[in-house]
Amino acid sequence: MSDAVLRSCERGCKQMHLKLMYITNNPDVALIAQKNGVERIWIDLETEGKEERQKGIDSVKSHHCTEDIKKIKPLLTTSELLVRINPWSENSKNELENVLSCGADAVMLPMWKTAGEVEKFLNTVGSRATKILLLETKEAVECLDDVLTLKGIDEIHIGLNDLHLSYGLTFMFELLSNGVVEKLCDKIRAAQIPYGFGGIAGIGGGMLPAENIVLEHKRLGSRQVILSRSFCNAELCADIAETEKVFRENIRKLRDFEKYATEAKEDVLWQNKIEVEQKVKAIVEIMTERKNNG
């Protein structure tokens with residue numbers, strides 16, 4: 001067995017149970033997510049610079065506000081309320097105080113580029129909420145060693161959408177196939193900080209199949225993932241009953257596949273890694289051809 005396979009096995013040998021995060025400011029949908037075991041309901045306040053960065057990309061661009069925190073928080077009994085703020089600026093301390101006073105259980109800092117920004121975020125929040133860093137810029141990758149020396153980081157999530165744009169890549173999961181995510185996971189794990197990466201569609205869906213991605217979460221020791229819009233797009237459901245049905249069924253399929261991933265041997269995880277590389281390469285070729293053909 002190769003050293004790479006052995007390291008892979010060491011990372012992924014524990015029982016798998018991904019902490020699930022879902023973005024919504026709809027109280028009914030939040031309750032459905034909580035009922036089906038989603039650990040974090042996500043209020044997304046990030047707006048600064050997002051439209052420009054992700055122009056032309058079919059990504060979630062939320063229009064949430066602090067009033068949504070007050071609306072959702074009292075409903076939650078088993079799920080945490082996570083709030084993503086805007087990138088660090090002169091307004092961030094006031095924004096954090098507002099978010100924390102409204103009852104956020106966890107706060108996330110996006111688009112950070114320096115250890116100084118991270119340190120200010122950590123010091124401002126203190127022990128009042130779980131502190132999560134969203135690693136999604138190449139500058140963040142370059143200063144990660146310095147960031148990991150700071151005290152008070154509770155979790156780090158690797159954001160593939162903005163990070164792949166930062167590197168000028170075609171497809172977000174190129175970061176999975178080219179080894180960038182693996183190197184980041186190895187560093188963060190060595191610092192003994194829980195981590196996760198990217199989002200996921202429902203089992204049986206996704207340009208890169210969700211099954212391949214779950215097995216990579218297992219191999220890399222990831223503990224959390226964002227449920228993508230396609231996992232359950234409430235806006236496309238006819239009514240709340242259909243939303244609940246879709247959500248319940250997709251959660252069941254995901255948790256069932258996690259059981260399979262937990263029992264997967266190291267050779268299965270390694271073969272899946274190779275499949276991911278092959279599938280990502282094929283997807284990039286198709287996307288590039290489409291772009292070139294207009």
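The values are calculated or read from the model by the stated rules, or taken from the named source; none is laboratory data. Fair warning: this is a prediction, and the values are worked out from it, not measured in the lab. Remember, those area values only see protein heavy atoms, side chains included, never the ligands or the DNA or RNA. Shrake-Rupley method; radii C 1.70, N 1.55, O 1.52, S 1.80 Å.
Just I200, I156, I274 to compare: in a GNM of the chain, with alpha carbon springs under 10 Å, which one fluctuates most?
Looking only at I200, I156, I274, the largest GNM fluctuation is found for I274.
Per residue, how much accessible area does the chain show when a 1.4 Å probe rolls over the protein heavy atoms, in square angstrom?
With the other protein chains kept in place, the chain gives 47 Å² per residue.
I'm spelling it out carefully: the read-out is volume of the Cα convex hull per residue in Å³, the candidates are (1) 132; (2) 182; (3) 164, and one was derived from this structure. Which label?
Correct label is (1).
Find how many whole Å separate the alpha carbon centroid of segment 184-240 from the alpha carbon centroid of segment 116-183.
Centre-to-centre (Cα) distance: 16 Å.
Collect residues whose amide H, placed 1.01 Å from N in the peptide plane, falls under 5 Å from the amide H of I158; neighbours closer than 5 in sequence don't count.
Long-range HN contacts for I158: L135, G196, F197, G198.
Taking the Cα atoms of segment 120-221, what is the range of coordinates along each of the three principal axes, in descending order and whole Å?
Projected onto its principal axes, the Cα set of segment 120-221 covers 41, 27, 22 Å.
Which residue, P87, P194, P74, tops the fluctuation ranking in a GNM of the chain built on C-alpha contacts under 10 Å?
Its mean-square fluctuation being the largest, the pick is P74.
With a/c under 1.5 counting as rounded, go ahead and sort segment 145-294 into rounded, prolate or oblate using the C-alpha gyration tensor (a ≥ b ≥ c being the square roots of the eigenvalues; past the cut-off, prolate if a/b is larger than b/c, else oblate).
rounded
Note down, for segment 119-172, the three equivalent ellipsoid semi-axes (square root of 5 times each alpha carbon gyration tensor eigenvalue), biggest first, whole angstrom.
24, 12, 8
Compute the separation of the alpha-carbon centres of segment 29-46 and segment 76-96 and state it in Å as a whole number.
When both Cα centres are located, 15 Å separates them.
Hey, what did the chain get for relative contact order, percent, Cα under 8 Å, at least 6 apart?
That works out to 19 percent.
Of the heavy-atom accessible surface of the chain (probe 1.4 angstrom), what whole percent is carbon and sulfur?
Roughly 49 percent of what the probe reaches on the chain is carbon or sulfur.
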